[in-house]
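K.L.:
Supplied in structure tokens, the structure appears directly below.
Bear in mind these aren't lab numbers, they're just calculated from the coordinates by the rules spelled out. All values reported here derive from a predicted model rather than from experimental measurement. Counting neighbours? That spans all protein chains shown, and the Cβs are built from the backbone with ideal geometry, glycine included.
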Amino acid sequence: MTDLTGRVAIVTGAARGQGRAIALRLAAAGAAVIAGDVLTDDLATLAGELGDSVLTGELDIRDRSSWDALIERGVGTFGRLDILANNAGVLRVVPLVEETAEAFENIWRVNCLGAFHGIQAVVPHMRAAGGGSIVNTASTAAKWSYNGHGAYASSKWANLGLTKAAAFELAQYRIRVNAVLPGPIDTPMVLPDNDPVARERLSNTLLGRIGTPEDIAEAVLYLASDASSFVTGTELVVDGGQTIGKVLPPT
């Protein structure tokens, strides 16, 4: 039921990390993929891996015209659009008292407004296809608080609200909308060079490891495919048990 043969997906933030893994996994399941990112050099290597089953292009998700241009190219190439993986996002860790309004707003423009633009842009094409699936990438920070995550967490909480509102309104068109909530995942965004102990700290999950981009890609495939045909408006947490508790040293 996860076979996507004949379907077309657009994946944002597809140049690296989770987005790249999602693009590769959906393609492996049979989908044609429209891969968008602002990191166009890295997208070129994705095109080299997937060949004719992928169309790559620059996509600034904050800009609706950028969405429309890439989708027009993609639908012109593949003929339809069935899946949106609203994956692109940015992380900024700064205490609220040190945050700037400009940086705060930019986090929101990427993590929430970008997803909004994507939903609006794909709905006409999904309606024409008879339905579809939208998967928004939120975060465990959308459910639990972390210090220094004021801008990021609030944008992801808003992303969850958007997910539920869209699921409610788009069900009439047979368009399902769900969210995946990654915990600590082995990506450059989560493991920055200036935090050398991040991997050790974030590997302290109940399953004893940090997550991989492929872990998230499998969750997105489930939500994008017919395997989840009766699932909409929900949140799939993929965090190795991080948010249900911590393993304490023996006393």
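K.L.:
Wrap a convex hull around the Cα atoms of the range 8-236, take a quarter of its surface area, and give that in square nanometres.
P.N.:
Its average projected convex-hull area is 12.2 nm².
K.L.:
Using a 7 Å offset from the Cα along the Cα-to-Cβ direction at both V93 and K164, what is the distance between the two label points in nm, to one decimal?
P.N.:
Going by the 7 Å Cα→Cβ label model, 2.8 nm.
K.L.:
By per-residue mean of other Cβ atoms within 10 Å, what is the highest-first order of 92-103, 217-228, 232-243?
P.N.:
For the peptides 92-103, 217-228, 232-243, the packing ranking is 217-228, 232-243, 92-103.
K.L.:
With each run of n ≥ 4 DSSP H residues scored as -39500 (n - 2.57), what mean residue ellipticity at 222 nm is computed for the chain after dividing by its residue count and rounding to the nearest 500 deg cm²/dmol?
P.N.:
-12500 deg cm²/dmol, from helical runs alone.
K.L.:
With only Lys, Arg, Asp and Glu charged, each at its Cβ (+1 for the first two, -1 for the last two), find how big the charge dipole of the chain is about the Cα centre; round to the nearest 20 debye.
P.N.:
660 debye
K.L.:
Label-point separation (nm) for L39 and L206, each offset 7 Å from Cα along Cα-to-Cβ?
P.N.:
Computed distance between label sites L39 and L206 equals 3.1 nm.
K.L.:
Ranked highest first by the average count of other Cβ atoms within 10 Å around their residues, in what order do 72-85, 162-175 fall?
P.N.:
Packing proxy ranking, top to bottom: 72-85, 162-175.
K.L.:
Grab the Cα-Cα distance for S229 and S65, subtract it from 0.36 nm times how many residues apart they are, and report the gain in nm with one decimal.
P.N.:
Residue separation times 0.36 nm, minus the Cα-Cα distance, leaves 55.9 nm.
K.L.:
Given R₀ = 35 Å, what would the calculated FRET efficiency be for A47 paired with Q120, taking r from the Cβ atoms and rounding to 0.05?
P.N.:
With R0 = 35 Å, the Cβ-Cβ based efficiency is 0.85.
K.L.:
For a Förster distance of 51 Å, can you work out the FRET efficiency between the beta-carbons of I244 and E58, rounded to the nearest 0.05?
P.N.:
Calculated transfer efficiency: 0.80.
K.L.:
Next question. Among A103, L206, G118, which residue has its Cα furthest toward the positive end of the charge dipole of the chain, with +1 on Lys/Arg Cβ and -1 on Asp/Glu Cβ?
P.N.:
Value: L206.
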